1. Quantify how strongly other chains surround peptide B:89-98 by giving the mean number of their Cβ atoms within 10 Å of each of its Cβ atoms.
2. Once the label point is set 7 Å along the Cα-to-beta-carbon vector, what list of distances in nm do you get between residue A:84 and its counterparts in the other copies?
3. Quick one: what are the phi-derived ³J(HN,Hα) couplings along segment A:85-92, Karplus 6.51/-1.76/1.60 with θ = phi - 60°, whole Hz, x for glycine and proline?
4. Just grab the label-to-label distance for residue A:76 and residue B:45, each label 7 Å out from Cα along the Cβ direction, in nm (one decimal).
5. If the label for residue A:73 sits 7 angstrom from Cα along the Cα-to-Cβ line, what are its distances to the same label in every other copy, in nm to one decimal, shortest first?
6. In whole Hz, with x marking every Gly and Pro, tabulate ³J(HN,Hα) for segment A:20-36 from phi via Karplus 6.51 cos²θ - 1.76 cosθ + 1.60, θ = phi - 60°.
7. Among the lysines, which fall within straight-line cross-link reach of residue B:68, defined as a Cα-Cα distance under 20 Å, with same-chain neighbours fewer than 8 residues apart omitted?
8. Once you have the Cα-Cα distance between residue A:56 and residue A:83, take 0.36 nm times their residue separation minus that, and quote the gain in nm to one decimal.
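Any read-out appearing in this document is the output of simple, stated calculations on the displayed coordinates, not a laboratory observation. Predicted, not measured: the structure shown is a model, and the values here were computed from it. Cβ coordinates were reconstructed from backbone atoms using ideal geometry, including for glycine residues, and neighbour counts include every protein chain displayed.
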Protein chains: 2
Amino acid sequence: MVVDQLHETELDRLFQAFADSTRRDIVRRVTVGEFSVSGLAALYAMSFAAVQKHVAVLERASLVTKEKRGREQIVRANHEGLQNARRLLDEYEHMWCQRVDRMADILAEG
Amino acid sequence: MVVDQLHETELDRLFQAFADSTRRDIVRRVTVGEFSVSGLAALYAMSFAAVQKHVAVLERASLVTKEKRGREQIVRANHEGLQNARRLLDEYEHMWCQRVDRMADILAEG
DNA sequence: CTAACCTACAACCAAATGGTTGTAGATCAG
DNA sequence: CTGATCTACAACCATTTGGTTGTAGGTTAG
């Protein structure tokens, strides 16, 4: 099996993490530059604590890292985690394409 | 913006739909063949109604279709929806790679 | 030192999720 | 026709989620 049991929890966290537009936006932002948590919080119409939670979700999914710098906490893209995410999504897509193409062939033959 | 506002809801539903291992498994199964809802339900250690709900989530995310055949409801892969999902995931991956690579370059230069 | 700022964390709340059971309507087999 | 099967749907429940406010501690600026 391409997608084995070991990856299941990883996929759960990954898809879960991306299943929120604020979190997707945070990922987008931090892949382009650095942001403190409060810097991120300023961007959205919600409380600091809410953004803090979103960052925590992304951190648990290994998509971002936090690093203390003075009184601020700097949020950065976790490149390793993002590459891994990319790999997992690639595997998933590849699986579909194989199967979907195979079905298409079967339908064409029939 | 590559990922515009129109896609946000779509992405929400897509990632949400994939954020459950049972649903991912259902997608995997129906891309390889046909299953009635009860046929699917027999595969998992949960009630028929639970599986019915999972199928409903996948249907709302345009990943599968249901078609009545006699007293059964046949669940099939929604090829169009899956291709669209693939496209969206590709866009997302591409965005990361661009940004992550750009950051890598900046770091290498610095 | 003091005040402002950034963060962590707890407590709380409403709504969504993932599951259950139960009921009722179609459809098929005998 | 009758009984078994497949489905739809409602009601309910526990947990998670996405949000809030409030409190407290560390850090920086003046």
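1. Numbers: counts 7, 3, 0, 7, 7, 1, 5, 11, 4, 2.
Neighbouring Cβ atoms belonging to other protein chains average 5 per residue here.
2. 3.2
3. So the Karplus estimates, Gly and Pro as x, are 4, 4, 4, 4, 5, 4, 4, 4 Hz.
4. About 4.3 nm, to one decimal.
5. Taking the point 7 Å beyond Cα along Cα→Cβ, the inter-copy spacings are 4.4 nm.
6. Taking θ as phi minus 60°, the curve returns 9, 5, 4, 5, 4, 5, 4, 4, 4, 5, 6, 6, 9, x, 9, 9, 7 Hz for segment A:20-36.
7. B:53
8. 7.8 nm
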